[in-house]
Amino acid sequence: MVDGRRIHPGLNYADAVSFPVTRMRRLRRTGVLRDLVRETSLQPRHLISPMFIQAGAAAPRTPIPAMPGVDHLSIDAAVEEAGRCAELGIPGVLLFGLPAAKDEEGSGAWDDEGVVQLATRAIKAAHPDLLVVTDLCLCEYTSHGHCGVLRDGHVDNDATLDLLARTAVAQAEAGADIVAPSDMMDGRVGHLRAALDEHGLADTPIMAYSAKFASAFYGPFRVAADSAPATGDRRGYQMDPANGDEALREVALDVEEGADIVMVKPALPYLDVVRRVKDATSLPVAAYNVSGEYSMVKAAAAAGMLDERAAVLELLTGIRRAGADIVITYHAKDAASWLT
């Protein structure tokens, strides 16, 4: 008994004092009530849709088996896909390029007539109000599949910075609204900011992949982007999944160097990091719901193990609740259509 009232089984003292005056279920009774008090919103405007664009594609669309519902696109098909995103209220697309040829340095990345540059011009011409974000890395363009210049089997950080800067300038001059370095080289944000400013591109924002972990969830992407390392792995420059404090240091350095948006990648295994980054910085925070996270939901749904729509909306809401202002996801078009 508490204050003359019997304590219901399962209630602690604080609950017993307030019950039955406080009944948490009152505001869950109807859909309208639940919507009224919902703490976290998920809308199409929070999403960015990634696209894989192939130079000289033989067909407008070629399905990617590891990522059901995602295709390799020709430039014309990418323009069409971008238009569909705009119709759904998705504010931007993130472009990954598959070049016609690769070399040791990844020179296709900064080619003014490279696949991402051509696609950027075409999309901006057709859909000027849609944001084009360009992934900025060398891994899709190098013959060895690493994110920078190799020296004696290791990525040379400082030699890579100049090549990334050339790529950033080429992408921004092609019309990219945001450049997004994903390489994880030390000092890259400051180097890119200086190069963009020197070329009269001071208004181009940088969305830095600030806390990018060496994750097992990138597998389907590496097939889709043809970017798996030929030898070794990327643990020498991507982050150890066990480290959260280090992620905050990476973010702080990128902020100091001039990042406008910071990102955590992947999203679902690192929601604690998303929350910590949001609490530690006043910048917009992006989280990348990566290929492996996407494909495992697709596989489970195809096997009848879960309701795809319900699962996708729940996981995207969870990423938003963790603190992400922007969610990059291959579910973007489906989610936007369900939300509208």
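The values are calculated or read from the model by the stated rules, or taken from the named source; none is laboratory data. All of these numbers come straight from a predicted model, not from anything done at the bench. Please note: Cβ atoms are built from the backbone with ideal geometry, for glycine as well, and neighbour counts cover all protein chains shown. Heads up: the accessible areas ignore ligands, DNA and RNA and are worked out on the full protein's heavy atoms, side chains in. Shrake-Rupley method; radii C 1.70, N 1.55, O 1.52, S 1.80 Å.
The residue pairs whose first member lies in the stretch 302-320 and is closer than 15 Å to SER41 by Cα, whose second member is open to solvent by 40 Å² or more (accessible area, probe 1.4 Å), and whose beta carbons are closer than 7 Å, counting only pairs six or more residues apart or on different chains, are VAL312/ASP334; LEU313/TRP338; LEU315/LEU268; GLY318/LEU271; ILE319/LEU271. Counting only strands (runs of 3 or more DSSP E) wholly contained in the stretch 227-340, the ones carrying 1 or more residues that are of a type in the set (Phe, Trp, Tyr) occupy 285-289.
Within the stretch 202-226, track down each residue that is under 23 Å from VAL285 (Cα atoms), open to solvent by 30 Å² or more (accessible area, probe 1.4 Å) and in a loop (DSSP other than H, G, I, E, B). The answer is ALA202, ASP203, PRO205. Scanning the stretch 206-238 for residues that are under 21 Å from LEU150 (Cα atoms), at pLDDT below 95 and not charged (D, E, K, R) turns up ALA225, SER227, ALA228, PRO229, ALA230, THR231, GLY232, GLY236, TYR237, GLN238.
Considering only residues in the stretch 156-183 that are outside any helix (DSSP H, G or I) and open to solvent by 30 Å² or more (accessible area, probe 1.4 Å), the one that is modelled with the highest pLDDT turns out to be ASP177.
Over 12 Å from the mean Cα position of the chain (by Cα) and at pLDDT 95 or above: is that true of TYR288 in this structure? Steps first, answer last, please.
Numbers: over 12 Å from the mean Cα position of the chain (by Cα): no; at pLDDT 95 or above: yes.
No, not satisfied.
Taking the stretch 324-340 as the range and being at pLDDT 95 or above and surrounded by fewer than 21 Cβ atoms within 10 Å (Cβ to Cβ) as the test, the residues that pass are ASP325, LYS333, ASP334, SER337, TRP338, LEU339. Does VAL21 satisfy the condition of being open to solvent by 90 Å² or more (accessible area, probe 1.4 Å) and either modelled with pLDDT under 95 or touching an Asp or Glu at 6+ places or on another chain (Cβ under 7 Å) (or both)? Criteria met by VAL21.
Each row is one residue, and each column tells you yes or no for (1) assigned to a helix (DSSP H, G or I); (2) hydroxyl-bearing (Ser, Thr, Tyr); (3) out of contact with any Gly (no Cβ under 8 Å at 6 or more places or on another chain).
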position: ALA57; (1), (2), (3): no, no, yes
position: ALA66; (1), (2), (3): no, no, no
position: VAL93; (1), (2), (3): no, no, yes
position: GLU105; (1), (2), (3): no, no, yes
position: LEU118; (1), (2), (3): yes, no, yes
position: LYS124; (1), (2), (3): yes, no, no
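Checking ASP135, ASP129 one by one, the residue that is within 17 Å of THR204 (Cα to Cα), in contact with a helix residue (DSSP H, G or I) (Cβ under 9 Å, 6 or more places away or on another chain) and surrounded by fewer than 19 Cβ atoms within 10 Å (Cβ to Cβ) is ASP129 and no other.
Scanning the stretch 28-53 for residues that are open to solvent by 40 Å² or more (accessible area, probe 1.4 Å) and of a type in the set (Gly, Ala, Ser) yields a single hit, SER41. Condition (residue is modelled with pLDDT of 95 or more, under 12 Å from LEU95 (Cβ atoms) and of a type in the set (Asp, Glu)) applied to the stretch 131-142: is it met by at least one residue? Yes - at least one qualifying residue is present in the stretch 131-142. So which pairs qualify, if the first residue must be in the stretch 54-75 and exposed (fewer than 13 other Cβ atoms within 10 Å of the Cβ), the second must be assigned to a loop (DSSP other than H, G, I, E, B), the Cβ gap must be under 8 Å, and the two must be at least 6 apart or on different chains? Filtered contacts from the stretch 54-75: GLY56/ALA100; ALA59/SER74; PRO63/VAL70.
Pick from VAL223, VAL255, VAL262, VAL274: which is within 29 Å of GLU104 (Cβ to Cβ) and not aromatic (Phe, Trp, Tyr)?
VAL223
The condition of being of a type in the set (A, V, I, L, M, F, W, C) and open to solvent by less than 50 Å² (accessible area, probe 1.4 Å) holds for LEU94. Remark: ALA247 matches the filter, which requires a residue to be at pLDDT 95 or above, surrounded by 21 or more Cβ atoms within 10 Å (Cβ to Cβ) and under 22 Å from ALA324 (Cα atoms).
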